[in-house]
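Written out below as C-alpha coordinates is the structure these notes cover.
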DNA sequence: GTTCCGCATGAATCGATAG
DNA sequence: ACTATCGATTCATGCGGAA
(Lines give C-alpha, C1' and ligand atoms only; values in the text may rest on other atoms or scores of the structure.)
Protein backbone atom coordinates (compact mmCIF):
# COMPACT_ATOMS: atom_id res chain seq x y z
CA UNK A 1 0.00 0.00 0.00
CA UNK A 2 1.43 3.32 -1.02
CA UNK A 3 1.77 6.31 1.25
CA UNK A 4 -0.29 9.41 0.46
CA UNK A 5 0.12 12.66 2.36
CA UNK A 6 -1.79 15.88 1.85
CA UNK A 7 -0.94 19.18 3.51
CA UNK A 8 -2.70 22.52 3.56
CA UNK A 9 -0.54 25.60 3.74
CA UNK A 10 2.28 27.60 2.22
CA UNK A 11 4.50 25.04 0.50
CA UNK A 12 7.60 26.96 1.53
CA UNK A 13 6.73 26.24 5.18
CA UNK A 14 5.41 22.70 4.68
CA UNK A 15 8.49 21.71 2.68
CA UNK A 16 10.71 22.53 5.66
CA UNK A 17 9.16 19.51 7.37
CA UNK A 18 10.13 17.13 4.54
CA UNK A 19 13.35 15.13 4.95
CA UNK A 20 16.31 15.99 2.74
CA UNK A 21 17.01 13.95 -0.40
CA UNK A 22 13.87 11.83 -0.17
CA UNK A 23 11.89 12.89 -3.27
CA UNK A 24 12.39 11.20 -6.63
CA UNK A 25 10.26 13.52 -8.75
CA UNK A 26 8.72 16.91 -8.23
CA UNK A 27 6.08 17.69 -10.83
CA UNK A 28 3.93 20.74 -10.52
CA UNK A 29 2.08 23.49 -12.25
CA UNK A 30 2.73 26.56 -10.12
CA UNK A 31 0.19 29.39 -10.22
CA UNK A 32 0.84 31.34 -13.39
CA UNK A 33 1.61 35.01 -12.91
CA UNK A 34 -1.53 37.12 -12.52
CA UNK A 35 -3.68 34.28 -13.79
CA UNK A 36 -7.13 33.44 -12.55
CA UNK A 37 -7.02 36.15 -9.94
CA UNK A 38 -10.58 35.58 -8.96
CA UNK A 39 -9.97 31.98 -7.97
CA UNK A 40 -6.33 31.88 -7.03
CA UNK A 41 -4.07 34.64 -5.78
CA UNK A 42 -1.14 34.10 -8.11
CA UNK A 43 2.08 36.09 -7.82
CA UNK A 44 2.47 39.08 -10.11
CA UNK A 45 4.57 38.73 -13.24
CA UNK A 46 7.29 41.20 -12.32
CA UNK A 47 8.09 39.47 -9.03
CA UNK A 48 7.57 35.90 -10.18
CA UNK A 49 11.20 34.78 -9.97
CA UNK A 50 11.67 36.41 -6.60
CA UNK A 51 8.60 34.54 -5.33
CA UNK A 52 9.51 31.18 -6.85
CA UNK A 53 13.21 30.95 -6.07
CA UNK A 54 12.99 30.24 -2.29
CA UNK A 55 10.54 27.43 -3.03
CA UNK A 56 12.94 26.00 -5.60
CA UNK A 57 15.68 26.06 -2.97
CA UNK A 58 13.60 23.92 -0.60
CA UNK A 59 12.78 21.58 -3.45
CA UNK A 60 16.48 21.27 -4.18
CA UNK A 61 17.03 20.17 -0.60
CA UNK A 62 14.31 17.49 -0.53
CA UNK A 63 15.05 16.15 -4.04
CA UNK A 64 17.35 13.14 -4.39
CA UNK A 65 20.53 13.88 -6.38
CA UNK A 66 19.23 11.61 -9.15
CA UNK A 67 15.77 13.20 -9.03
CA UNK A 68 13.97 15.42 -11.52
CA UNK A 69 11.96 18.64 -11.19
CA UNK A 70 9.27 19.30 -13.84
CA UNK A 71 7.58 22.71 -14.00
CA UNK A 72 4.55 23.17 -16.23
CA UNK A 73 4.22 26.85 -17.03
CA UNK A 74 3.37 29.39 -19.73
CA UNK A 75 3.91 33.12 -19.91
CA UNK A 76 0.96 35.42 -20.45
CA UNK A 77 0.63 38.33 -22.84
CA UNK A 78 1.15 41.78 -21.34
CA UNK A 79 0.33 44.76 -23.55
CA UNK A 80 0.81 42.85 -26.76
CA UNK A 81 4.03 41.08 -25.79
CA UNK A 82 4.86 37.74 -24.23
CA UNK A 83 6.16 38.38 -20.73
CA UNK A 84 9.70 37.22 -20.01
CA UNK A 85 9.34 35.91 -16.48
CA UNK A 86 9.66 32.29 -17.56
CA UNK A 87 12.92 33.04 -19.37
CA UNK A 88 14.17 34.84 -16.27
CA UNK A 89 13.11 31.90 -14.12
CA UNK A 90 15.20 29.49 -16.19
CA UNK A 91 18.25 31.71 -15.91
CA UNK A 92 17.76 32.24 -12.17
CA UNK A 93 17.39 28.50 -11.56
CA UNK A 94 20.65 27.85 -13.41
CA UNK A 95 22.43 30.40 -11.21
CA UNK A 96 21.23 28.35 -8.24
CA UNK A 97 22.97 25.25 -9.64
CA UNK A 98 19.94 23.70 -11.28
CA UNK A 99 20.67 22.13 -14.65
CA UNK A 100 18.14 23.07 -17.35
CA UNK A 101 18.18 19.63 -18.92
CA UNK A 102 15.27 19.88 -21.32
CA UNK A 103 12.24 21.87 -22.35
CA UNK A 104 9.31 19.61 -23.17
CA UNK A 105 6.50 20.97 -25.22
CA UNK A 106 2.93 20.22 -24.23
CA UNK A 107 0.72 20.68 -27.26
CA UNK A 108 -2.79 21.35 -25.95
CA UNK A 109 -4.98 19.81 -28.58
CA UNK A 110 -8.13 21.53 -27.35
CA UNK A 111 -6.94 25.00 -26.49
CA UNK A 112 -9.22 27.91 -25.67
CA UNK A 113 -11.19 29.45 -28.51
CA UNK A 114 -10.82 33.13 -29.17
CA UNK A 115 -9.78 35.66 -31.77
CA UNK A 116 -7.64 38.75 -31.52
CA UNK A 117 -6.42 41.18 -34.12
CA UNK A 118 -2.73 40.33 -33.74
CA UNK A 119 -2.44 36.76 -32.47
CA UNK A 120 -3.95 33.31 -32.72
CA UNK A 121 -4.97 30.94 -29.97
CA UNK A 122 -2.25 29.77 -27.62
CA UNK A 123 -2.02 26.03 -27.99
CA UNK A 124 1.11 25.01 -26.09
CA UNK A 125 2.75 25.18 -22.69
CA UNK A 126 6.26 24.57 -21.49
CA UNK A 127 7.29 21.67 -19.26
CA UNK A 128 10.71 22.69 -17.99
CA UNK A 129 12.94 19.87 -16.81
CA UNK A 130 15.54 20.65 -14.16
CA UNK A 131 18.06 18.27 -12.60
CA UNK A 132 20.82 18.43 -10.02
CA UNK A 133 23.21 16.12 -11.85
CA UNK A 134 23.96 15.22 -15.42
CA UNK A 135 23.05 11.63 -14.57
CA UNK A 136 19.54 11.12 -13.29
CA UNK A 137 16.98 8.36 -13.19
CA UNK A 138 15.22 7.94 -16.54
CA UNK A 139 13.21 4.85 -17.49
CA UNK A 140 12.96 5.42 -21.20
CA UNK A 141 11.39 2.05 -21.98
CA UNK A 142 8.42 2.75 -19.72
CA UNK A 143 6.94 5.40 -22.01
CA UNK A 144 7.38 3.83 -25.42
CA UNK A 145 4.50 4.25 -27.83
CA UNK A 146 3.30 2.20 -30.80
CA UNK A 147 5.02 3.22 -33.98
CA UNK A 148 1.81 3.59 -36.00
CA UNK A 149 -0.18 6.40 -34.44
CA UNK A 150 2.88 8.38 -33.80
CA UNK A 151 2.19 11.92 -34.81
CA UNK A 152 -1.46 11.99 -33.91
CA UNK A 153 -3.33 10.38 -31.05
CA UNK A 154 -0.52 9.93 -28.63
CA UNK A 155 -2.89 10.45 -25.74
CA UNK A 156 -5.14 7.63 -26.79
CA UNK A 157 -2.26 5.26 -27.15
CA UNK A 158 -0.92 6.11 -23.76
CA UNK A 159 -4.19 5.71 -21.96
CA UNK A 160 -4.75 2.39 -23.68
CA UNK A 161 -1.40 1.06 -22.62
CA UNK A 162 -2.27 2.25 -19.13
CA UNK A 163 -5.43 0.19 -19.16
CA UNK A 164 -3.64 -2.81 -20.51
CA UNK A 165 -1.10 -2.63 -17.76
CA UNK A 166 -3.59 -2.17 -14.91
CA UNK A 167 -5.86 -4.89 -16.08
CA UNK A 168 -3.17 -7.46 -16.49
CA UNK A 169 -2.31 -6.96 -12.83
CA UNK A 170 -5.82 -7.43 -11.56
CA UNK A 171 -6.21 -10.44 -13.79
CA UNK A 172 -9.40 -9.34 -15.50
CA UNK A 173 -10.31 -10.51 -18.95
CA UNK A 174 -9.29 -7.82 -21.37
CA UNK A 175 -7.55 -10.28 -23.62
CA UNK A 176 -9.03 -8.73 -26.71
CA UNK A 177 -7.59 -5.31 -26.05
CA UNK A 178 -4.19 -6.69 -25.29
CA UNK A 179 -4.11 -8.61 -28.51
CA UNK A 180 -4.52 -5.38 -30.42
CA UNK A 181 -1.07 -4.38 -29.36
CA UNK A 182 0.72 -7.70 -29.70
CA UNK A 183 3.31 -7.53 -32.44
CA UNK A 184 3.13 -3.77 -32.63
CA UNK A 185 6.51 -2.22 -32.54
CA UNK A 186 7.22 0.26 -29.77
CA UNK A 187 9.35 3.34 -30.24
CA UNK A 188 10.58 6.09 -27.96
CA UNK A 189 8.53 9.29 -27.91
CA UNK A 190 9.91 12.74 -28.59
CA UNK A 191 9.97 15.86 -26.46
CA UNK A 192 6.61 17.02 -27.85
CA UNK A 193 3.62 15.77 -25.87
CA UNK A 194 0.15 15.83 -27.43
CA UNK A 195 -2.52 15.91 -24.74
CA UNK A 196 -5.94 17.49 -24.55
CA UNK A 197 -6.86 19.35 -21.40
CA UNK A 198 -9.48 17.50 -19.41
CA UNK A 199 -12.73 19.35 -19.32
CA UNK A 200 -14.67 17.24 -16.86
CA UNK A 201 -15.81 18.89 -13.69
CA UNK A 202 -12.81 18.96 -11.42
CA UNK A 203 -13.98 21.88 -9.31
CA UNK A 204 -10.58 23.40 -9.91
CA UNK A 205 -9.78 25.85 -12.69
CA UNK A 206 -6.32 24.63 -13.72
CA UNK A 207 -6.69 21.89 -16.24
CA UNK A 208 -3.73 19.58 -16.25
CA UNK A 209 -4.63 16.25 -17.82
CA UNK A 210 -3.72 13.10 -15.94
CA UNK A 211 -1.74 11.84 -18.92
CA UNK A 212 0.85 14.55 -18.33
CA UNK A 213 1.95 13.50 -14.80
CA UNK A 214 1.47 9.85 -15.82
CA UNK A 215 4.04 10.32 -18.56
CA UNK A 216 6.63 12.00 -16.36
CA UNK A 217 6.07 9.71 -13.35
CA UNK A 218 6.60 6.63 -15.50
CA UNK A 219 9.66 8.19 -17.08
CA UNK A 220 11.42 9.51 -14.00
CA UNK A 221 10.41 7.16 -11.15
CA UNK A 222 10.18 3.48 -10.24
CA UNK A 223 7.43 1.78 -8.29
CA UNK A 224 7.25 2.94 -4.63
CA UNK A 225 9.31 6.04 -5.39
CA UNK A 226 8.17 9.32 -3.86
CA UNK A 227 6.45 12.03 -5.96
CA UNK A 228 5.82 15.58 -4.72
CA UNK A 229 3.48 18.27 -6.01
CA UNK A 230 3.83 21.49 -4.00
CA UNK A 231 0.89 23.16 -5.83
CA UNK A 232 -1.41 20.22 -6.17
CA UNK A 233 -4.61 22.05 -7.06
CA UNK A 234 -7.14 19.45 -8.12
CA UNK A 235 -4.77 16.66 -7.16
CA UNK A 236 -4.20 15.29 -10.64
CA UNK A 237 -0.55 14.50 -9.90
CA UNK A 238 -1.64 12.53 -6.84
CA UNK A 239 -4.13 10.52 -8.84
CA UNK A 240 -1.45 9.66 -11.39
CA UNK A 241 0.99 8.73 -8.63
CA UNK A 242 -1.33 6.34 -6.76
CA UNK A 243 -2.48 4.80 -10.01
CA UNK A 244 1.11 3.97 -10.85
CA UNK A 245 1.95 2.67 -7.38
CA UNK A 246 4.11 5.57 -6.28
CA UNK A 247 4.10 7.32 -2.91
CA UNK A 248 2.88 10.88 -2.93
CA UNK A 249 3.07 14.16 -1.05
CA UNK A 250 0.69 16.93 -2.09
CA UNK A 251 0.56 20.50 -0.82
CA UNK A 252 -1.90 23.28 -1.51
CA UNK A 253 -2.38 26.70 -0.01
CA UNK A 254 -6.13 26.54 -0.35
CA UNK A 255 -8.02 24.38 2.12
CA UNK A 256 -10.93 23.94 -0.26
CA UNK A 257 -8.78 22.73 -3.14
CA UNK A 258 -6.80 20.47 -0.84
CA UNK A 259 -10.02 18.82 0.29
CA UNK A 260 -11.09 18.34 -3.32
CA UNK A 261 -7.72 16.83 -4.17
CA UNK A 262 -7.88 14.39 -1.25
CA UNK A 263 -11.40 13.38 -2.19
CA UNK A 264 -10.47 12.78 -5.81
CA UNK A 265 -7.37 10.76 -4.92
CA UNK A 266 -9.31 8.67 -2.39
CA UNK A 267 -12.03 7.97 -4.91
CA UNK A 268 -9.53 6.99 -7.57
CA UNK A 269 -7.73 4.69 -5.14
CA UNK A 270 -10.96 2.85 -4.43
CA UNK A 271 -11.55 2.26 -8.11
CA UNK A 272 -8.18 0.65 -8.70
CA UNK B 1 6.62 39.86 -62.59
CA UNK B 2 8.13 39.86 -59.14
CA UNK B 3 11.58 41.08 -58.30
CA UNK B 4 14.13 38.53 -57.05
CA UNK B 5 17.55 39.54 -55.79
CA UNK B 6 20.31 37.28 -54.52
CA UNK B 7 23.48 38.49 -52.86
CA UNK B 8 26.61 36.68 -51.74
CA UNK B 9 28.37 38.03 -48.70
CA UNK B 10 28.13 38.99 -45.06
CA UNK B 11 24.53 40.01 -44.53
CA UNK B 12 25.61 42.79 -42.18
CA UNK B 13 27.41 44.46 -45.10
CA UNK B 14 24.85 43.62 -47.78
CA UNK B 15 22.00 44.94 -45.64
CA UNK B 16 23.60 48.36 -45.53
CA UNK B 17 22.77 48.64 -49.20
CA UNK B 18 19.06 48.00 -48.66
CA UNK B 19 16.77 51.04 -48.37
CA UNK B 20 15.23 51.85 -45.00
CA UNK B 21 11.69 50.74 -44.19
CA UNK B 22 11.19 48.77 -47.38
CA UNK B 23 10.84 45.18 -46.12
CA UNK B 24 7.47 43.75 -45.08
CA UNK B 25 8.66 40.45 -43.64
CA UNK B 26 12.02 39.07 -42.60
CA UNK B 27 11.97 35.31 -42.14
CA UNK B 28 15.13 33.36 -41.56
CA UNK B 29 16.79 30.45 -39.88
CA UNK B 30 20.12 31.86 -38.74
CA UNK B 31 23.08 29.52 -38.34
CA UNK B 32 22.68 27.75 -35.03
CA UNK B 33 25.48 28.18 -32.58
CA UNK B 34 28.33 25.74 -33.11
CA UNK B 35 26.13 23.58 -35.27
CA UNK B 36 27.21 22.00 -38.52
CA UNK B 37 30.69 23.39 -38.29
CA UNK B 38 31.85 21.61 -41.38
CA UNK B 39 29.41 23.34 -43.67
CA UNK B 40 28.78 26.66 -42.04
CA UNK B 41 30.95 28.76 -39.83
CA UNK B 42 28.30 29.60 -37.29
CA UNK B 43 29.02 31.78 -34.29
CA UNK B 44 29.82 30.04 -31.02
CA UNK B 45 27.09 29.69 -28.41
CA UNK B 46 28.55 32.02 -25.82
CA UNK B 47 28.86 34.89 -28.26
CA UNK B 48 25.67 34.27 -30.18
CA UNK B 49 23.80 37.37 -29.00
CA UNK B 50 26.81 39.59 -29.54
CA UNK B 51 27.08 38.28 -33.10
CA UNK B 52 23.37 38.53 -33.89
CA UNK B 53 22.48 41.91 -32.44
CA UNK B 54 24.18 44.15 -35.04
CA UNK B 55 22.40 42.21 -37.77
CA UNK B 56 19.08 42.67 -35.97
CA UNK B 57 19.79 46.41 -35.86
CA UNK B 58 20.18 46.55 -39.64
CA UNK B 59 17.02 44.51 -40.03
CA UNK B 60 15.22 46.98 -37.80
CA UNK B 61 16.28 49.75 -40.14
CA UNK B 62 15.12 48.08 -43.36
CA UNK B 63 11.87 46.69 -41.91
CA UNK B 64 8.67 48.68 -42.35
CA UNK B 65 7.11 49.82 -39.05
CA UNK B 66 4.21 47.45 -39.70
CA UNK B 67 6.55 44.60 -40.65
CA UNK B 68 7.37 41.36 -38.87
CA UNK B 69 10.63 39.54 -38.13
CA UNK B 70 10.43 35.73 -37.75
CA UNK B 71 13.46 33.83 -36.42
CA UNK B 72 13.43 30.04 -36.62
CA UNK B 73 15.86 28.82 -34.01
CA UNK B 74 16.50 26.13 -31.41
CA UNK B 75 19.09 25.98 -28.67
CA UNK B 76 21.54 23.11 -28.75
CA UNK B 77 22.53 20.88 -25.86
CA UNK B 78 25.86 21.75 -24.25
CA UNK B 79 27.21 19.30 -21.65
CA UNK B 80 23.81 17.88 -20.84
CA UNK B 81 21.97 21.20 -20.64
CA UNK B 82 19.99 23.31 -23.05
CA UNK B 83 22.06 26.39 -23.74
CA UNK B 84 20.46 29.73 -22.88
CA UNK B 85 21.53 31.80 -25.86
CA UNK B 86 18.04 31.89 -27.31
CA UNK B 87 16.60 33.20 -24.04
CA UNK B 88 19.35 35.81 -23.92
CA UNK B 89 18.64 36.75 -27.52
CA UNK B 90 14.98 37.43 -26.76
CA UNK B 91 15.89 39.63 -23.82
CA UNK B 92 18.57 41.48 -25.79
CA UNK B 93 16.19 42.11 -28.69
CA UNK B 94 13.62 43.58 -26.29
CA UNK B 95 16.26 45.93 -24.89
CA UNK B 96 16.76 47.13 -28.47
CA UNK B 97 13.06 48.07 -28.71
CA UNK B 98 11.90 44.92 -30.49
CA UNK B 99 8.55 43.64 -29.24
CA UNK B 100 8.52 39.91 -28.56
CA UNK B 101 4.99 39.47 -29.84
CA UNK B 102 4.74 35.70 -29.96
CA UNK B 103 6.61 32.45 -29.80
CA UNK B 104 5.31 30.01 -32.39
CA UNK B 105 6.14 26.40 -32.01
CA UNK B 106 7.10 24.36 -35.02
CA UNK B 107 6.36 20.72 -34.33
CA UNK B 108 8.63 18.68 -36.61
CA UNK B 109 6.47 15.72 -37.39
CA UNK B 110 9.29 13.56 -38.71
CA UNK B 111 12.27 14.55 -36.64
CA UNK B 112 15.61 12.81 -36.78
CA UNK B 113 15.78 9.35 -35.24
CA UNK B 114 18.23 8.75 -32.45
CA UNK B 115 18.56 7.71 -28.83
CA UNK B 116 20.49 9.16 -25.93
CA UNK B 117 20.67 7.98 -22.32
CA UNK B 118 19.12 11.09 -20.80
CA UNK B 119 16.90 12.67 -23.45
CA UNK B 120 14.52 11.86 -26.25
CA UNK B 121 14.54 13.15 -29.79
CA UNK B 122 14.13 16.88 -30.22
CA UNK B 123 10.95 17.35 -32.18
CA UNK B 124 10.27 21.08 -32.07
CA UNK B 125 11.82 24.43 -32.85
CA UNK B 126 10.95 27.96 -31.88
CA UNK B 127 9.72 30.54 -34.37
CA UNK B 128 10.19 33.82 -32.54
CA UNK B 129 8.03 36.68 -33.74
CA UNK B 130 9.33 40.21 -33.26
CA UNK B 131 7.64 43.45 -34.24
CA UNK B 132 8.36 47.14 -34.01
CA UNK B 133 4.82 48.23 -33.18
CA UNK B 134 1.87 46.72 -31.38
CA UNK B 135 -0.07 47.06 -34.62
CA UNK B 136 1.35 45.24 -37.57
CA UNK B 137 0.11 43.72 -40.80
CA UNK B 138 -1.59 40.38 -40.20
CA UNK B 139 -3.86 38.68 -42.75
CA UNK B 140 -5.49 36.15 -40.47
CA UNK B 141 -8.03 34.98 -43.03
CA UNK B 142 -5.30 33.93 -45.46
CA UNK B 143 -4.18 30.98 -43.31
CA UNK B 144 -7.45 29.52 -42.12
CA UNK B 145 -7.67 25.75 -41.85
CA UNK B 146 -10.60 23.32 -42.16
CA UNK B 147 -12.69 23.00 -39.02
CA UNK B 148 -12.16 19.78 -37.06
CA UNK B 149 -14.16 16.62 -37.58
CA UNK B 150 -15.97 17.27 -34.32
CA UNK B 151 -18.06 19.97 -35.95
CA UNK B 152 -20.05 17.66 -38.18
CA UNK B 153 -21.55 15.71 -35.34
CA UNK B 154 -21.53 18.37 -32.71
CA UNK B 155 -23.40 20.98 -34.68
CA UNK B 156 -26.11 18.68 -36.01
CA UNK B 157 -28.34 18.91 -32.97
CA UNK B 158 -28.00 22.05 -30.93
CA UNK B 159 -29.19 22.10 -27.35
CA UNK B 160 -30.89 25.05 -25.72
CA UNK B 161 -27.65 26.37 -24.25
CA UNK B 162 -25.96 25.99 -27.62
CA UNK B 163 -28.33 28.45 -29.20
CA UNK B 164 -27.71 31.26 -26.74
CA UNK B 165 -24.71 32.82 -25.18
CA UNK B 166 -23.47 30.50 -22.46
CA UNK B 167 -21.06 31.93 -19.92
CA UNK B 168 -18.42 29.77 -18.32
CA UNK B 169 -19.19 28.74 -14.77
CA UNK B 170 -15.61 28.86 -13.63
CA UNK B 171 -15.77 32.62 -13.39
CA UNK B 172 -13.29 33.22 -16.17
CA UNK B 173 -15.76 35.58 -17.84
CA UNK B 174 -15.57 33.31 -20.80
CA UNK B 175 -18.65 32.55 -22.81
CA UNK B 176 -19.57 31.22 -26.18
CA UNK B 177 -22.47 30.70 -28.49
CA UNK B 178 -22.09 27.34 -30.18
CA UNK B 179 -24.63 28.17 -32.88
CA UNK B 180 -22.11 30.62 -34.33
CA UNK B 181 -20.18 27.68 -35.70
CA UNK B 182 -23.01 26.27 -37.77
CA UNK B 183 -22.06 26.18 -41.43
CA UNK B 184 -18.49 27.17 -40.74
CA UNK B 185 -15.92 25.42 -42.88
CA UNK B 186 -12.71 27.23 -42.02
CA UNK B 187 -11.33 28.27 -38.65
CA UNK B 188 -8.25 30.14 -37.50
CA UNK B 189 -5.15 28.10 -36.70
CA UNK B 190 -3.25 28.14 -33.41
CA UNK B 191 0.35 29.06 -32.62
CA UNK B 192 1.45 25.43 -33.00
CA UNK B 193 2.55 24.57 -36.55
CA UNK B 194 2.71 20.93 -37.63
CA UNK B 195 5.08 20.54 -40.55
CA UNK B 196 7.28 17.66 -41.58
CA UNK B 197 10.88 18.45 -42.40
CA UNK B 198 11.78 17.96 -46.03
CA UNK B 199 14.46 15.42 -46.57
CA UNK B 200 14.82 15.64 -50.33
CA UNK B 201 18.10 16.32 -52.05
CA UNK B 202 18.69 19.99 -51.48
CA UNK B 203 22.46 20.05 -51.24
CA UNK B 204 22.14 22.20 -48.17
CA UNK B 205 22.06 20.95 -44.58
CA UNK B 206 19.67 23.36 -42.86
CA UNK B 207 16.25 22.81 -44.29
CA UNK B 208 13.02 24.12 -43.06
CA UNK B 209 10.10 22.92 -45.15
CA UNK B 210 8.54 25.28 -47.66
CA UNK B 211 5.28 25.18 -45.73
CA UNK B 212 6.87 27.16 -42.92
CA UNK B 213 7.75 30.32 -44.89
CA UNK B 214 4.56 29.88 -46.93
CA UNK B 215 2.53 30.13 -43.74
CA UNK B 216 4.27 33.23 -42.45
CA UNK B 217 4.43 34.96 -45.84
CA UNK B 218 0.69 34.50 -46.34
CA UNK B 219 0.02 35.68 -42.82
CA UNK B 220 2.25 38.75 -42.68
CA UNK B 221 2.43 40.04 -46.26
CA UNK B 222 0.24 40.95 -49.22
CA UNK B 223 0.92 40.26 -52.88
CA UNK B 224 3.93 42.20 -54.22
CA UNK B 225 5.23 42.88 -50.72
CA UNK B 226 8.94 42.43 -50.10
CA UNK B 227 10.33 39.44 -48.17
CA UNK B 228 13.93 39.18 -46.95
CA UNK B 229 15.96 36.18 -45.83
CA UNK B 230 19.45 37.24 -44.68
CA UNK B 231 20.60 33.61 -44.27
CA UNK B 232 18.87 32.05 -47.22
CA UNK B 233 20.76 28.76 -47.33
CA UNK B 234 18.93 26.52 -49.76
CA UNK B 235 16.63 29.35 -50.75
CA UNK B 236 13.42 27.86 -49.39
CA UNK B 237 12.12 31.26 -48.31
CA UNK B 238 12.72 32.56 -51.81
CA UNK B 239 10.83 29.70 -53.38
CA UNK B 240 7.88 30.33 -51.08
CA UNK B 241 8.00 34.06 -51.83
CA UNK B 242 7.98 33.76 -55.64
CA UNK B 243 5.31 31.09 -55.46
CA UNK B 244 3.09 33.49 -53.57
CA UNK B 245 3.83 36.45 -55.83
CA UNK B 246 5.98 38.39 -53.39
CA UNK B 247 9.24 40.18 -54.13
CA UNK B 248 12.32 38.69 -52.52
CA UNK B 249 15.82 39.52 -51.37
CA UNK B 250 18.06 36.63 -50.34
CA UNK B 251 21.54 36.81 -48.85
CA UNK B 252 24.05 34.10 -48.08
CA UNK B 253 27.66 34.17 -47.03
CA UNK B 254 28.51 31.08 -49.01
CA UNK B 255 28.84 31.44 -52.76
CA UNK B 256 28.07 27.78 -53.33
CA UNK B 257 24.82 27.84 -51.35
CA UNK B 258 23.80 31.10 -52.95
CA UNK B 259 24.21 29.52 -56.36
CA UNK B 260 22.12 26.55 -55.29
CA UNK B 261 19.43 28.85 -53.93
CA UNK B 262 19.31 30.88 -57.14
CA UNK B 263 19.10 27.74 -59.20
CA UNK B 264 16.27 26.32 -57.11
CA UNK B 265 14.29 29.57 -57.17
CA UNK B 266 14.76 29.92 -60.91
CA UNK B 267 13.65 26.37 -61.53
CA UNK B 268 10.62 26.81 -59.30
CA UNK B 269 9.70 30.02 -61.09
CA UNK B 270 9.73 28.24 -64.43
CA UNK B 271 7.36 25.62 -63.13
CA UNK B 272 4.76 28.12 -61.97
C1' DG C 1 -20.10 -5.11 -22.83
C1' DT C 2 -19.82 -1.66 -26.51
C1' DT C 3 -20.84 2.19 -29.34
C1' DC C 4 -23.13 6.40 -29.97
C1' DC C 5 -24.43 10.85 -29.03
C1' DG C 6 -25.31 15.06 -26.29
C1' DC C 7 -22.98 18.54 -23.92
C1' DA C 8 -20.26 21.30 -20.34
C1' DT C 9 -15.89 22.92 -19.95
C1' DG C 10 -11.33 25.24 -20.15
C1' DA C 11 -4.09 29.28 -16.93
C1' DA C 12 -7.35 34.17 -22.88
C1' DT C 13 -6.78 38.82 -24.93
C1' DC C 14 -8.09 43.21 -26.81
C1' DG C 15 -10.41 47.54 -27.22
C1' DA C 16 -13.72 50.61 -25.43
C1' DT C 17 -15.48 52.85 -21.68
C1' DA C 18 -15.49 54.55 -17.11
C1' DG C 19 -13.24 56.32 -12.84
C1' DA D 1 -1.97 59.93 -18.39
C1' DC D 2 -2.85 55.94 -16.00
C1' DT D 3 -5.69 52.13 -14.08
C1' DA D 4 -10.00 49.23 -13.49
C1' DT D 5 -13.87 47.01 -15.38
C1' DC D 6 -16.69 45.13 -19.05
C1' DG D 7 -18.16 43.21 -23.46
C1' DA D 8 -16.81 40.79 -27.71
C1' DT D 9 -14.42 37.36 -29.89
C1' DT D 10 -14.30 31.83 -30.94
C1' DC D 11 -12.79 25.22 -30.79
C1' DA D 12 -12.14 20.68 -29.71
C1' DT D 13 -12.37 17.31 -26.42
C1' DG D 14 -13.47 13.79 -22.74
C1' DC D 15 -17.11 12.35 -20.00
C1' DG D 16 -21.37 10.27 -18.88
C1' DG D 17 -25.76 8.61 -19.93
C1' DA D 18 -28.47 6.30 -23.36
C1' DA D 19 -29.21 2.94 -26.86
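Brief remarks on what is shown
- Residue satisfying condition, being within 14 Å of chain A (Cβ to nearest Cβ) and at pLDDT 95 or above, within set B:92, B:56: B:92
- Among the residues of the range B:120-139, those identified as within 30 Å of residue A:145 (Cα to Cα), within 8 Å of another protein chain (Cβ to nearest Cβ) and buried (at least 19 other Cβ atoms within 10 Å of the Cβ) are B:120, B:122, B:123, B:124.
- Number of the exception - residue A:80 against (1) within 8 Å of another protein chain (Cβ to nearest Cβ); (2) without any contact (Cβ under 8 Å) to a residue 12 or more places away in the chain: (2)
- Residue match in the range A:226-235 (condition: within 14 Å of another protein chain (Cβ to nearest Cβ) and within 16 Å of DNA strand C (Cβ to nearest atom)): yes
- The condition (being closer than 19 Å to residue A:18 by Cα and either within 14 Å of the chain's Cα centre (by Cα) or in contact (Cβ under 8 Å) with a residue 40 or more places away in the chain (or both)) is satisfied by just one residue among A:249, A:265: A:249.
- Number of the condition not met by residue B:150 [criteria: (1) within 11 Å of DNA strand C (Cβ to nearest atom); (2) at pLDDT 70 or above; (3) away from every other protein chain (no Cβ under 14 Å)]: (3)
- The listed residues are A:87, A:53, and the only one of them that is in a helix (DSSP H, G or I), exposed (fewer than 15 other Cβ atoms within 10 Å of the Cβ) and at negative phi turns out to be A:53.
- Complete set of residues in the range A:104-118 that are within 7 Å of another protein chain (Cβ to nearest Cβ) and buried (at least 19 other Cβ atoms within 10 Å of the Cβ): A:105, A:107
- Qualifying residue in the range A:107-125 (condition: away from DNA strand D (no atom under 16 Å from the Cβ) and either within 18 Å of the chain's Cα centre (by Cα) or outside any loop (DSSP other than H, G, I, E, B) (or both)): no
- Residues that are part of a loop (DSSP other than H, G, I, E, B), on the phi < 0 side of the Ramachandran plot and within 16 Å of DNA strand D (Cβ to nearest atom) do occur in the range A:217-239, at least one of them.
- Taken as a whole, the condition of being in contact with a strand residue (DSSP E or B) (Cβ under 7 Å, 6 or more places away or on another chain), at pLDDT 95 or above and more than 9 Å from DNA strand C (Cβ to nearest atom) does not apply to residue A:73.
- Only one of the numbered conditions (1) at pLDDT 90 or above; (2) out of contact with any helix residue (DSSP H, G or I) (no Cβ under 9 Å at 6 or more places or on another chain); (3) within 21 Å of residue B:237 (Cβ to Cβ) is violated by residue B:21, and that is (2).
The values are calculated or read from the model by the stated rules, or taken from the named source; none is laboratory data. The shown structure was predicted, so the numbers you read here are calculated from the model rather than taken from an experiment. Reconstructed Cβ throughout: ideal geometry from the backbone, glycine too, with neighbour counts over all protein chains shown.
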